[in-house]
Amino acid sequence: MESLKSSSDNKQARLLFVDFWANFIRTHPDEEWGREHTNFINSLMHSAKHYPLTAKQYLEIKEEVKRDTAKPK
């Protein structure tokens, strides 16, 4: 399994994402960013409906990864 990004890398990526979209919203008219937001939400909904795992399967895998990454090397 590929190594996972450290939590600090993940946090930094999330902050950059938030900064990008906050700036986009401030610098573009409502009609434009509203369309982008709608496309984004629709994409999330589509992905959720077509996800190949059940919620239970996903949570089991997530817990397994959590246990594996917590093991000392």
Across (1) assigned to a helix (DSSP H, G or I); (2) more than 15 Å from the chain's Cα centre (by Cα); (3) modelled with pLDDT under 90; (4) not acidic (Asp, Glu), residue 1 clears everything bar (1)
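Every residue, every condition in (1) within 17 Å of the chain's Cα centre (by Cα); (2) surrounded by 11 or more Cβ atoms within 10 Å (Cβ to Cβ); (3) more than 24 Å from residue 7 (Cβ to Cβ); (4) in contact (Cβ under 8 Å) with a residue 24 or more places away in the chain, yes or no:
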residue: 21; (1), (2), (3), (4): yes, yes, no, no
residue: 26; (1), (2), (3), (4): no, no, yes, no
residue: 32; (1), (2), (3), (4): no, yes, yes, no
residue: 54; (1), (2), (3), (4): no, no, yes, no
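The values are calculated or read from the model by the stated rules, or taken from the named source; none is laboratory data. These numbers come from a predicted model, not from an experiment. Ideal geometry is used to build each Cβ from the backbone, glycine not excepted, and the neighbour counts take in all protein chains shown.
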